[in-house]
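Undergrad: First, the structure itself, so that you have it in front of you.
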Protein chains: 4
Amino acid sequence: MTATPSQAEIAAFLAASFPQTKCRVESVSAGTATVRHPVGEAELRPGGTVSGPVLMTVADVALYVALLGQIGIMPLAVTTSLNINFLRKPSADRDILGVCRMKKIGQTLAVGEVDLFSEGELEPVAHAVGTYAIPRP
Amino acid sequence: MTATPSQAEIAAFLAASFPQTKCRVESVSAGTATVRHPVGEAELRPGGTVSGPVLMTVADVALYVALLGQIGIMPLAVTTSLNINFLRKPSADRDILGVCRMKKIGQTLAVGEVDLFSEGELEPVAHAVGTYAIPRP
Amino acid sequence: MTATPSQAEIAAFLAASFPQTKCRVESVSAGTATVRHPVGEAELRPGGTVSGPVLMTVADVALYVALLGQIGIMPLAVTTSLNINFLRKPSADRDILGVCRMKKIGQTLAVGEVDLFSEGELEPVAHAVGTYAIPRP
Amino acid sequence: MTATPSQAEIAAFLAASFPQTKCRVESVSAGTATVRHPVGEAELRPGGTVSGPVLMTVADVALYVALLGQIGIMPLAVTTSLNINFLRKPSADRDILGVCRMKKIGQTLAVGEVDLFSEGELEPVAHAVGTYAIPRP
């Protein structure tokens, strides 16, 4: 295991690894992370709801950040599965926050869960569980 | 149930419902659909692989198109869950094709599966199962 | 919605609905439940680990009990999906506890998550997310 | 990779590994398998439907058999996740058949899908996707 990276190190790595993402790291500690995705025209569907793929992106990034916060910067960790349930209609005018808690970080596999919120709401708009494969050293 | 919509009708509806999507409808018949997503700089991660959220988007759209091909244009059908397994590294220079087969279309719930391919490859890069809630008439 | 049933009412309903189950209701309140499954020869695989189907059963029952605790006794509620991740090897000599929290109880669909523990351990042996279809009144 | 085991070898291994299971191996070849579970009083719920845990068990065993058919007898392969969607009410008086096709067998992770049928029916009663961790040699 490498030393725990700082939030700035993870943010820099994220920007390099996912150059398209609008997600920003809000906080990260060992095995937990919160990320934020702005919501504007590009994220909305007619009727004023955040599109599903945006929520899936936030879940994926939150898992990745929480994992890196625990095991250190590891470019070759890859998502192997993601399961997401959409629970409530997101707000059209609030950022999406993804709050991740890792459930297990093993030698080859990590599992975490993410609650996704419209900022300021108490009940999640979606809930995801994802797994990551950790490369062998 | 409405009459089965044509591919052009579904494509028009998709463009209106998901104005951001780059997915195009390749084919659609009752309960099956194939959609295509171009792959360029915006879809790639460093190292030359298609990002996970792009694959999730293609899965979601393929399910939606296959469902509409069966039940007709229904704006209020919403994804309730998506489960995706990432199987192989996608090619950086091939479009992604999503091939959906619905497994069940009930009165309130529809379930389908999607194989995702780098165009021209025989083995899928990912496999997804999704559920849609169908609004009551 | 009916009045919240008592733990005894739910236990009686469970015994009638799942006559084979060894699960017992430990506690139930609105949207949460804990159930217990004894572990003996019938639950073990060679090597001394609790079999996966036992864990899946506990997850399914815990979800059902938490749902009934919220919406009242409703014989026609059925599981529509279950997603489980196996995290750690369960103990061969401890009961399995399933602790469920509902994430959403809508008009037609309910979603909950379950942590499964070997009794007395802090880290879960598995984690599940399930959905239930609620019949129309 | 070891030599492909025969159906009899897999059946013997299954009986030793899952001594409680009533599942029988109907057929197995590289990466595919069909297993059968008898349906009697012990599998039924009031109203005459096969219980969900029985279906989950069949899915788990079908995946295991298909995997062993490909990689050989490997006692330490363990299920890491299972995602199941329940599609239709099973018959009370027909065996359950689980038909598995592996989607990927990698060095450390295998993914497969299973259609579950009431024997003689064309449409599946459930569909599952599972992942197995393959121990390092």
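The values are calculated or read from the model by the stated rules, or taken from the named source; none is laboratory data. Since the structure is predicted, the reported quantities are computational estimates derived from the model, not experimental observations. Because the Cβ atoms are built from the backbone with ideal geometry, glycine has one as well, and the counts that use them run over all protein chains shown. The protein model used for the area step is the full one, side chains on, heavy atoms only, and it has no ligands, DNA or RNA in it. Shrake-Rupley method; radii C 1.70, N 1.55, O 1.52, S 1.80 Å.
Undergrad: Can you give the FRET efficiency for C:Glu121 and B:Arg94, using 1/(1 + (r/R0)^6), R0 = 41 Å, r = Cβ-Cβ distance, to the nearest 0.05?
TA: About 0.30, to the nearest 0.05.
Undergrad: So, one more: Ignoring ligands, DNA and RNA, how do C:Ser29, D:Ser51 rank by accessible area with a 1.4 Å probe, largest first?
TA: Reading off the accessible areas and sorting them downward yields C:Ser29, D:Ser51.
Undergrad: About the Cα centre of the protein assembly as shown, what is the dipole size in debye to 20, counting +1 per Lys and Arg Cβ and -1 per Asp and Glu Cβ, all else neutral?
TA: So the magnitude is around 0 debye.
Undergrad: Under a crude label model (7 Å from the Cα following the beta-carbon direction), how far is C:Ala30 from D:Val78 in nanometres?
TA: The answer from the label model is 3.9 nm.
Undergrad: Tell me the angle of helix B:7-17 to the major Cα principal axis of chain B, expressed in degrees between 0 and 90 and rounded to the nearest ten.
TA: So the helix axis and the longest Cα principal axis differ by about 80 degrees.
Undergrad: Another one. Mind listing the label-point distances from C:Asp93 to the same position on all other copies, shortest first, one decimal in nm, points 7 Å along Cα→Cβ?
TA: Label-point distances to the other copies, shortest first: 4.8, 6.2, 6.2 nm.
Undergrad: Where in segment D:80-137 are there GluC sites (Glu not before Pro) that are in a DSSP coil and have at most 16 other Cβ atoms within 10 angstrom of their Cβ?
TA: Taking segment D:80-137 and a limit of 16 other Cβ atoms within 10 Å, the loop GluC sites (Glu not before Pro) found are D:Glu119, D:Glu121.
Undergrad: Follow-up question, since we're still on this one. Under 1.5 on a/c is rounded, so check that first for the protein assembly as shown, then, if it is not, pick prolate when a/b is larger than b/c and oblate when it is not; a ≥ b ≥ c are the square roots of the alpha carbon gyration tensor eigenvalues.
TA: Taking the square roots of the gyration eigenvalues as a ≥ b ≥ c, the protein assembly as shown is rounded.
Undergrad: With +1 on each Lys and Arg Cβ and -1 on each Asp and Glu Cβ, how big is the dipole of segment D:82-121 about its Cα centre, in debye rounded to the nearest 20?
TA: 240 debye
Undergrad: Ratio of Rg to Rh for chain B, alpha carbon only, Kirkwood?
TA: Here the Rg-to-Rh quotient is 0.97.
Undergrad: Can you pull the accessible area of C:Thr32 for me, 1.4 Å probe, Å² to the nearest 10?
TA: Looks like 60 Å² after rounding.
Undergrad: Angle check, please: helix A:52-71 long axis (alpha carbons) against the longest principal axis of chain A (alpha carbons), in degrees 0 to 90, nearest 10.
TA: For helix A:52-71, the angle is close to 30 degrees.
Undergrad: Suppose every Lys and Arg Cβ carries +1 and every Asp and Glu Cβ carries -1, with no other charges. What dipole size does segment C:1-84 come out with about its Cα centre, to the nearest 20 debye?
TA: 60 debye
Undergrad: Using alpha carbon centroids, what distance separates segment D:73-137 and segment B:94-136, in Å?
TA: So the separation of the two Cα centres works out to 18 Å.
Undergrad: Quote the accessible area belonging to D:His127 in square angstrom, nearest 10, computed with a 1.4 Å probe and with ligands, DNA and RNA left uncounted.
TA: For D:His127, the solvent-accessible surface is approximately 0 Å².
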